[in-house]
1. Name the one entry in Phe59, Phe16 that is touching a Pro at 6+ places or on another chain (Cβ under 6 Å), touching a residue at least 12 places away in the same chain (Cβ under 8 Å) and part of a helix (DSSP H, G or I).
2. Could you count how many residues in the range 284-309 are touching a Pro at 6+ places or on another chain (Cβ under 7 Å) and not in a strand (DSSP E or B)?
3. Conditions: (1) under 30 Å from Ala162 (Cα atoms); (2) in contact with a helix residue (DSSP H, G or I) (Cβ under 8 Å, 6 or more places away or on another chain); (3) among the small types (Gly, Ala, Ser). Ala223 meets all but one. Number of the miss?
4. Determine, yes or no, whether Gly279 is touching a Pro at 6+ places or on another chain (Cβ under 6 Å) and either modelled with pLDDT of 90 or more or farther than 17 Å from Ala115 by Cα (or both).
5. Does Gln236 satisfy the condition of being over 14 Å from the mean Cα position of the chain (by Cα), modelled with pLDDT under 95 and farther than 16 Å from Glu112 by Cα?
6. Being modelled with pLDDT under 95, at positive phi and surrounded by fewer than 19 Cβ atoms within 10 Å (Cβ to Cβ) is the requirement here; does Arg181 meet it?
7. Suppose we filter Arg301, Arg287, Arg311 for residues that are touching a helix residue (DSSP H, G or I) at 6+ places or on another chain (Cβ under 6 Å) and buried (at least 19 other Cβ atoms within 10 Å of the Cβ); which single one remains?
Amino acid sequence: MDTQDEATVDQAHAHFAAEVAYWREVRGMSKKALAELMGFHPSYVSHVESGRHKPTVDFARRADETLNAGKAIRRRWNEYETARTRATPTTTAVPAPRPEQPYATGSAIVVEHDAARLDYDGRAYRLTMRRLLRNTGEAPITRYLIRISVDRYPGDPERSNAHYRAHPLTWDELALTATCRGEAMRWQTKHDRDAFKEVWLLFDNDQGRFPLYPGESVWIEYAYTVSDAKWGRWFQRAVRMPTEHLEVTLAFPAALDPVVWGTETSMTAEASPLPSAPGRREEGGMRLFTWSTARPAQHARYRLEWRFRARPEQDVDQGEFK
């Protein structure tokens, strides 16, 4: 967990940006939609999250209220302001972060197939993501950004914040693995928060490098585990890159008598039921629910929720999907 005493201005700035991104993702909003709700220029949130704009107290207040973040964003602003004030006038000025190029100049990624499978064994969830990536640009791609984001009580941000401060996600628990072409991929942490992490999967390992060259397609797979004490009963897929096919499979013990439903949101529409119901089948004592769509719209978000009729969970208020 990050502390004010240890954070530099640079680090506090990055932590603030990550906090905004985390709550925006939890609430299912695009950067443009959030900026407009807050009364800022449509590109302003993007500039804040990328580090091009420094955080302000007005932005922090509006973002916290709009995202119903339970003062989490305000606390990050206070940490940033403390770090900035602590810096003496003689300290070498920290250069403003340059806009980060996610991959490489001239590169572009299309996701030909995106398949997510969430398995629950009664105690923990194991998410396995398989993506077929195609480099449609002119430069090799050497890394790929993934996000790990959970919210146990999405209808109660203060309770959720307190829960993860006391019980943060740990790397040992996550047991993150990643492979490409059957080879292990190294990974580097970009952001490490209690309930939100960003990780660069690297197209290399101890044996050498295997970049994704222009015109090539390759499958990558990564997986991680989260206990059910830290995972709310919902799973959301956000379309951040051009995607040709999206598929989600949920696998629950049939003895729990699970039921599943879902909603869809976009930059221009409120949450509405999925256009088609998830398919359902029994397999080896598990009940599998599968839902898919072709060519989902950029920035669309698909959220699947569930409950176990044989094991009610009285203490969790999922709240409304915002």
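1. Details: Phe59 fails: touching a Pro at 6+ places or on another chain (Cβ under 6 Å).
Of Phe59, Phe16, the one residue that is touching a Pro at 6+ places or on another chain (Cβ under 6 Å), touching a residue at least 12 places away in the same chain (Cβ under 8 Å) and part of a helix (DSSP H, G or I) is Phe16.
2. Of the residues in the range 284-309, 2 are touching a Pro at 6+ places or on another chain (Cβ under 7 Å) and not in a strand (DSSP E or B).
3. (2)
4. On the way: touching a Pro at 6+ places or on another chain (Cβ under 6 Å): no; either modelled with pLDDT of 90 or more or farther than 17 Å from Ala115 by Cα (or both): yes.
When the stated conditions are applied, Gly279 does not pass them.
5. Values: over 14 Å from the mean Cα position of the chain (by Cα): no; modelled with pLDDT under 95: yes; farther than 16 Å from Glu112 by Cα: yes.
Spelling it out, it is not the case that Gln236 is over 14 Å from the mean Cα position of the chain (by Cα), modelled with pLDDT under 95 and farther than 16 Å from Glu112 by Cα.
6. When the stated conditions are applied, Arg181 passes them.
7. Result of the check over Arg301, Arg287, Arg311: Arg287.
Residues are listed down the side, and each one gets a yes or a no for (1) surrounded by fewer than 17 Cβ atoms within 10 Å (Cβ to Cβ); (2) assigned to a strand (DSSP E or B); (3) of a type outside the set (D, E, K, R):
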{"position": "Lys190", "(1), (2), (3)": "yes, yes, no"}
{"position": "Val199", "(1), (2), (3)": "no, yes, yes"}
{"position": "Pro214", "(1), (2), (3)": "yes, no, yes"}
{"position": "Trp219", "(1), (2), (3)": "yes, yes, yes"}
{"position": "Tyr222", "(1), (2), (3)": "no, yes, yes"}
{"position": "Val226", "(1), (2), (3)": "no, yes, yes"}
{"position": "Lys230", "(1), (2), (3)": "no, no, no"}
{"position": "Ala251", "(1), (2), (3)": "no, yes, yes"}
{"position": "Ala255", "(1), (2), (3)": "yes, no, yes"}
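The values are calculated or read from the model by the stated rules, or taken from the named source; none is laboratory data. Values in this document were obtained by computation on a predicted structure and should not be read as measured data. So basically every Cβ, Gly included, is an ideal-geometry build from the backbone, and we count neighbours across all protein chains shown.
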